Amino acid sequence: MTRHEFKLRLSSPNGADKRAVLLPGVANPLAARVAQDLGYEALYVTGAGVANTELGLPDIGILGLSDMAQAVERIAAVVDLPLVVDADTGYGNSVSCYHAVRRLEAAGAAVIQIEDQVFPKRCGHFEGKDVAPAAEMIGKIKAAVDARRDENTLIMARTDAKAVEGYEAAIERASRYAEAGADILFVEALTTETELRDAPGRNPGLPHLVNVVHGGKTPPFPASEFEAMGYGLVLYANAALQASVLAMQQVLGALRDDGSLQNVGDRLADFVQRQKVVRTAEWDAMRLHYEGDVKP
């Protein structure tokens, strides 16, 4: 799906294709390859995942623009899917946000998400968050809209105000962000079924995203149920990351205890599977195409 096709898909919720886009979070090219092979239509480059995977650090505002742009570039180089990219708070003020959008769009982002937390931000399902004044976020959204070079690049506005100012304040912020030019709305960490069902209808006309975190604050309804509620995107930002952490702990724990992989072989991709994910056969074929039987 091209960037233009993705925009059309999201901007036509009443068209023939009413299915919500199911977004898996990816933090590196290998995870992106796995997701593409499984048939996903788009991917979410998760700031938390990149911070955890590439830096070994929590999602508390340490990850910088250069870190994220590099991650996006690497992922965009190996998959042919639209990338929804987490840009945290825009990495500073409105001018910083303008620069971030330029950088991430050039790196390969099809959608750039900006949130209204104060810096340093925290994971949306953490306690202790705080939000910036709505006017500050509105300035960032306007800067982001002006910064994009491709009209098919979309700006997503996320508000974390539910945990700080309450549900109605979060809905009001989302409305103001839509007026400022946001293309997609994301009210983070809704905690009740009533709120989840209500939110998309309070700001109609734009696609809404819901973020489901295993063990997080938002009730984990099936994607089909969220779709029926009116959400255009259903995000599982950390499912792949959480699965990989558990698998590494279990497999490496068994190796430490048993001195072998005999008891955890069913949790390992075999050699052929691993080479298929990274396209070893395609690279070998390309080498033969260009070099033939030339010997060193």
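The values are calculated or read from the model by the stated rules, or taken from the named source; none is laboratory data. Note that this is a predicted model, so its numbers are computed, not measured. Backbone-built Cβ (ideal geometry, glycine too); neighbour counts: all protein chains shown.
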Of VAL79, VAL26, VAL101, the only residue that is buried (at least 16 other Cβ atoms within 10 Å of the Cβ) and under 16 Å from ALA237 (Cβ atoms) is VAL26
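Check segment 33-43 and report whether any residue there is over 30 Å from GLU225 (Cβ atoms), loosely packed, with under 15 Cβ neighbours inside 10 Å and among the small types (Gly, Ala, Ser). Steps first, answer last, please.
Here is the first cut: in segment 33-43, the ones over 30 Å from GLU225 (Cβ atoms) are none.
Within segment 33-43, none of the residues are over 30 Å from GLU225 (Cβ atoms), loosely packed, with under 15 Cβ neighbours inside 10 Å and among the small types (Gly, Ala, Ser).
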Within segment 195-217, restricting attention to residues that are modelled with pLDDT under 95 and among the β-branched types (Val, Ile, Thr), which residue is farthest from GLY230 (Cα to Cα)?
VAL213
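Go through segment 152-165 residue by residue and tally those that are surrounded by fewer than 20 Cβ atoms within 10 Å (Cβ to Cβ) and under 16 Å from GLN117 (Cβ atoms). Let's see the steps before the verdict.
The first filter runs over segment 152-165 and keeps only residues surrounded by fewer than 20 Cβ atoms within 10 Å (Cβ to Cβ), leaving 152, 164-165.
Retained after the next criterion (residues that are under 16 Å from GLN117 (Cβ atoms)): 164-165.
Within segment 152-165, residues that are surrounded by fewer than 20 Cβ atoms within 10 Å (Cβ to Cβ) and under 16 Å from GLN117 (Cβ atoms) number 2.
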Which residues, taken from segment 228-244, are under 15 Å from LEU209 (Cβ atoms) and either in contact with a Leu (Cβ under 9 Å, 6 or more places away or on another chain) or without any contact (Cβ under 8 Å) to a residue 12 or more places away in the chain (or both)?
MET229, TYR231, GLY232, LEU233, VAL234, LEU235, TYR236, ALA237
